[in-house]
1. With the Cα gyration tensor of the range 36-180 giving a ≥ b ≥ c as the square roots of its eigenvalues, does the rule (a/c under 1.5 for rounded; else a/b larger than b/c for prolate; else oblate) give rounded, prolate or oblate?
2. With labels modelled as points extended 7 Å from the Cα through the Cβ direction, what inter-label distance (nm, one decimal) is found for K250 paired with T108?
3. Test of understanding: what is the full-extension gain from I64 to A160, defined as 0.36 nm times their sequence separation minus their Cα-Cα distance?
4. Net charge near P103: determine it from the other residues with C-beta under 11 Å of the C-beta of P103, scoring Lys and Arg +1 and Asp and Glu -1.
5. How do H30, H69 rank by accessible surface area computed with a 1.4 Å probe, from largest to smallest?
6. Mean Kyte-Doolittle of at least -1.0 and a Cα length of 20 Å or more along the axis: which whole DSSP H helices of the chain meet both?
7. Please list, or write none, the lysines whose alpha carbon is within less than 20 Å of the alpha carbon of K2, excluding same-chain residues fewer than 8 places away.
8. What percent does the relative contact order of the range 196-338 come to when contacts are Cα pairs within less than 8 Å and at least six residues apart?
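The values are calculated or read from the model by the stated rules, or taken from the named source; none is laboratory data. Worth saying up front: this structure is predicted, and the values here are computed from it rather than measured. As a convention, Cβ positions derive from the backbone with ideal geometry for all residues, glycine included, and neighbour counts pool all protein chains shown. For the accessible areas, the whole protein counts, side chains as well, though only heavy atoms, and no ligand, DNA or RNA atoms are used. Shrake-Rupley method; radii C 1.70, N 1.55, O 1.52, S 1.80 Å.
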Amino acid sequence: MKLATLKDSTRDGRLVVVSKDLSRCSEVGHIARTMQAALDDWAYVAPRLAGVAEGLDTGAQPAIRFHEHDAASPLPRAYQWADGSAYVNHVELVRKARNAEMPASFWTEPLMYQGGSDSFLAPRDPIVVPDDTYGIDMEAEIAVILDDVPMGATIDEARAAIRLVMLVNDVSLRALIPAELAKGFGFFQSKPSSAFSPVAVTPDELGDAWDGGKLHLPLHVDLNGEPFGRANAGIDMTFDFGELIVHASKTRPLGAGTVIGSGTVSNKLDGGPGKPVGKGGVGYSCIAEIRMIETIESGAPATPFMMFGDTVRIEMKDAAGHSIFGAIEQTVTRYDRN
């Protein structure tokens, strides 16, 4: 089952069920007006939404054309957004580029931060910033939306609570990060609003690519129309989503609608840093990673961060080459309050 939220005059939009090929959708306000309403009563609502999905794909269900540009993020705002760093290869490269030792605990316990969740960007909204010297970077990731999770959840409870899977661009302002981290209190200004894919899908929709905690497909990242990343999200993921959820729920319950991110998808190459797509590698899911490798190899980064006018596209395709979630496609623009 594929779900999306269409923009309307309200903050939370209106929920629709989307056809498998992303071409059509059906209004389901009589079942649940919003994505959050569906998640709040998932056991009752999900079978009814699944019935609409079946009718939509057989042609028995009334439908309208689905346009990705009309979609908000599946949850335009959420009660909680927590982003992990499941691909420890990425963290290792960051520290190596700074000549910093990698703590052994990073391999046994996930890193995680609590992000802002009150204003997610729509998947085709621009990345609006006041200044393009802030080190603007995309971070292409996988994210899951949860049902209620008890405090101290077991790994089985955690994995069973995953209701939907989607893509995310967790935008980072790299030039602002060092000063914030130096204060010892984490990210805030350096993490503006994130954007999610037009469509979120139930795990069963992913078939064999979903193993209960990981999504085993390449994540396509293009920068200004050129291939930038094709890292496989199921490879080199040190902590799967079940482990991330267990970590997040150690001292608190997680409410229905909580979003958990994987962190930047990152693959090694023959046990070492990756290579650009153009040089036979799978590339990168953020600019910082290639800059780290350039720093390690030559002493200084060469690839610039995103500037005004640059466009990033993030998408994932199934084995037949069809888009699963639709595409996040965002252009960096200057913030003008007027």
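1. Values: a/c = 2.61, a/b = 1.51, b/c = 1.73.
Here the range 36-180 falls in the oblate category.
2. 1.2 nm
3. Stretched out fully, the I64 to A160 stretch lengthens by 31.3 nm.
4. My count for the surroundings of P103 gives -2.
5. Ranked from most to least accessible, the order is H30, H69.
6. Working: long enough: 42-58 (24 Å, 0.38).
For the chain, where a helix must reach 20 Å along its axis and average at least -1.0, the hits are 42-58.
7. Answer for K2, where 20 Å is the Cα cut-off: K20, K214, K317, listed by chain and number.
8. Details: 217 pairs, mean separation 37.5, N = 143.
For the range 196-338, the relative contact order is 26 percent.
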